[in-house]
Amino acid sequence: MFPIETRNEPDRLTANIAHNGAYAGIGAAFDRLAAIANARNLWPQVRGMVGVYMDDPDSVPESKLRSHAGLVLAEGAPMPYDLAAINLPGGQIAVMHYKGPYAGLREAQRHLYGVWLPRSADEPRDVPPYAIYLNTPRDT
């Protein structure tokens, strides 16, 4: 249903803005983050954009969900003083490729955790799930 593979991934240092509330509302945090990146000419040091999702939306009330909109920084890039640093540790990672509307992400996540993971021989680490965005949500 959803293509999933395990592979080794590098550590990723991310510069973040926190978002609290419905995960669907994280776009406003990404807008603020992009404005900071534009104002400070950070884009040459950015290697991607990520969303870090701290809570299970099936277990935590929507108003209490915690997430972060982040920029993956190039190795050695300085951390902007007013953004929160989150290191996403590398190693063996389950990678699911999802293509479709944002409204379908929850179903994809349920498949990853509720179907694929129990059938695999893998054990989850204590690392929050994150999404690496491969496109620009404004036009795709």
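The values are calculated or read from the model by the stated rules, or taken from the named source; none is laboratory data. What you are looking at is a predicted structure, and each value in this text was computed from that prediction instead of being measured. Virtual Cβ from ideal backbone geometry, glycine too; neighbours counted across all protein chains shown. Ligands, DNA and RNA are excluded from the accessible area calculation, which covers all protein heavy atoms including side chains. Shrake-Rupley method; radii C 1.70, N 1.55, O 1.52, S 1.80 Å.
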Tell me, what is the per residue accessible area of the chain in Å², probe radius 1.4 Å? 62 Å²
Using just the alpha carbons, could you tell me how many Å³ per residue the convex hull of the stretch 65-140 encloses? 145 Å³
Would you mind calculating the relative contact order of the stretch 53-138 from Cα pairs under 8 angstrom and at least 6 residues apart, reporting the percent as a whole number? 34 percent
By how many degrees, between 0 and 90 and to the nearest 10, does the Cα long axis of helix 27-39 differ from the longest principal axis of the chain? 30 degrees
How big is the dipole moment of the chain about its Cα centre under a simple scheme where the beta carbon of each Lys and Arg is +1, that of each Asp and Glu is -1, and everything else is neutral? Debye, nearest 20, please. 260 debye
Per-residue HN-Hα couplings for the stretch 123-130, Karplus 6.51 cos²θ - 1.76 cosθ + 1.60 at θ = phi - 60°, whole Hz, x for Gly and Pro? 10, x, 8, 8, 9, x, x, 9
Carbon/sulfur fraction of accessible area - the chain, other protein chains in place, 1.4 Å, %: 54 percent
Quickly estimate the mean residue ellipticity at 222 nm for the chain, helices only: each DSSP H run with n ≥ 4 gives -39500 (n - 2.57), and the total goes over all residues, rounded to 500. -4000 deg cm²/dmol
Rg to Rh ratio, the stretch 9-140, alpha-carbon atoms and Kirkwood radius? 0.96
Farthest positive-ward along the chain dipole, Cα basis, beta-carbon charges - from A69, N20, P44: P44
Most mobile of V50, V72, V127 per a Gaussian network model of the chain (Cα springs, under 10 Å)? V127
Treating only the Cβ atoms of Lys and Arg (+1) and Asp and Glu (-1) as charged, compute the dipole magnitude of the stretch 15-78 about its Cα centre; round to the nearest 20 debye. 300 debye
